[in-house]
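Please read the structure below before turning to the comments.
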Amino acid sequence: MTTRARSSRPGPRRILTETEIMDAALALLDEGGVNAASVRGIAARVGVAPNAVYTYFPDKAAVVKAIVEHLLGQVDLAVFSDRGVPWRQRIESLALDLRERLTAHPGAVNLMIGGPMDGRRALALNEHLMETLQDSGLDAKESARASYLLIVYVFGSIALEAAELGDGGSISSEAERIATRYEGFSAIPDDEYPLSAAAAKIMATYVSTEQYRWGLHKVLDGIAGGARAGRLI
């Protein structure tokens with residue numbers, strides 16, 4: 001009787017950390033997309049009851065916001081700290097860092113653009129970005145607009161790349177993705193779409209780092225020109 005009573009006692013309570021929850025959420029996101037990263041899915045992943053996760057995050061919206069903050073927390077904001085480095089170089093370093101981190105988690109990109117980025121880390125990123133843009137010569141109003149322009153370009157470009165990668169799919173290399181795209185574009189009939197057919201090789205590289213840099217440089221050229229003129233053009 002005593003032995004039986006002892007064996008029926010629950011074991012020690014599983015203590016979770018936010019890091020464990022975030023790791024589980026990102027793994028589910030990578031494997032099955034946004035829908036997989038639910039509170040119940042996370043709980044099953046770490047081996048606890050859903051209530052244990054609700055202790056940290058009251059609902060899925062809170063989980064989503066935490067994932068965004070977690071990823072942005074990995075971005076090196078120190079690139080903004082050295083004002084001896086040209087402002088364009090600082091922004092380009094940030095943009096490349098964001099692309100590298102987010103393309104590693106394609107499902108996370110839609111989370112970034114699916115709602116207001118109003119967490120502490122998102123606001124810190126925007127604050128540093130606006131300060132850097134003011135170093136270019138823009139005033140406070142124009143730097144705020146330019147900050148949004150850059151966010152749209154960076155996250156929009158990454159989202160288009162992520163859409164091709166797909167939720168929960170394996171992440172192929174950049175070279176493999178370009179080769180696959182070229183195979184499709186090379187079949188464009190040049191008698192019907194001569195310009196597109198002629199640009200097949202270029203169109204295939206739209207998912208490349210080279211294209212991302214090219215577009216970023218054009219955006220920064222516009223911002224720089226606007227700063228010289230005293231307004232964005």
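The values are calculated or read from the model by the stated rules, or taken from the named source; none is laboratory data. None of the values given here were measured: they were computed from a predicted structure. Counting neighbours? That spans all protein chains shown, and the Cβs are built from the backbone with ideal geometry, glycine included. Surface areas here come from the heavy atoms of the whole protein model, side chains and all, with no ligands, DNA or RNA. Shrake-Rupley method; radii C 1.70, N 1.55, O 1.52, S 1.80 Å.
Couple of notes before you dig in:
- GNM remark for the chain: springs join alpha carbons under 10 Å apart, and the peak mean-square fluctuation among PRO58, PRO194, PRO50 falls on PRO194.
- Which of TYR153, TYR54, TYR193 is most accessible, then next, and so on - probe 1.4 Å: TYR193, TYR54, TYR153
- Calculated FRET efficiency for the pair THR19/GLU210, C-beta based, R₀ 41 Å, to 0.05: 0.70
- Accessible area per residue (1.4 Å probe, heavy atoms of protein chains only) ranks MET112, MET203 as MET203, MET112, with the largest value leading.
- Segment 27-132: Cα Rg divided by the 2.2 N^0.38 Å rule of thumb: 1.23
- Selected from THR132, THR180, THR103 as most flexible by GNM, with the chain as the system and alpha-carbon contacts under 10 Å: THR180
- Accessible area (Å², 1.4 Å probe, nearest 10) - GLU174: 60 Å²
- Using the Karplus relation 6.51 cos²θ - 1.76 cosθ + 1.60 with θ = phi - 60°, the per-residue 3J(HN,Hα) values for segment 196-212 come to 5, 4, 5, 9, 4, 5, 5, 4, 5, 8, 4, 9, 8, 5, 4, 5, 4 Hz, with x marking Gly and Pro.
- Over all projection directions, the Cα-based convex hull of the chain averages an area of 17.8 nm².
- In the chain, the longest principal axis of the Cα atoms and the axis of helix 120-135 are about 20 degrees apart.
- Straight-line cross-link partners of LYS65 among the aspartates and glutamates, defined as a Cα under 18 Å from its Cα and at least 8 positions apart when in the same chain: GLU18, GLU20, ASP23, ASP30, ASP118.
- Partners for LYS201 among lysines (Cα-Cα distance below 21 Å; same-chain residues under 8 apart left out): LYS218
- Rg/Rh (Cα only; Kirkwood hydrodynamic radius) as it applies to segment 89-166: 0.98
- Extension gain, ALA199 back to ALA104 (0.36 nm per residue minus Cα-Cα distance, nm): 31.4 nm
- Counting only heavy atoms of the protein chains and using a 1.4 Å probe, SER136 has close to 30 Å² of accessible surface.
- Model label zone, ASP97; criterion: amide N under 12 Å from point 7 Å along Cα-to-beta-carbon; scope segment 126-164: 126, 128-129
- Mean-position separation - Cα centroids, segment 79-119 and segment 10-70, in angstrom: 24 Å
- Residues in the chain average 57 Å² of solvent-accessible surface per residue, probe 1.4 Å, ligands and nucleic acids excluded.
- Inter-label distance, nm, simple model (7 Å from Cα along the C-beta direction), SER186/SER173: 1.8 nm
- Backbone phi angles across segment 151-158, fed through the Karplus curve with coefficients 6.51, -1.76 and 1.60 (θ = phi - 60°), yield HN-Hα couplings of 4, 4, 5, 4, 6, x, 4, 5 Hz in residue order; Gly and Pro are listed as x.
- Residues of type lysines that LYS141 reaches as a straight line, Cα spacing below 18 Å, ignoring anything fewer than 8 places off in the same chain: none
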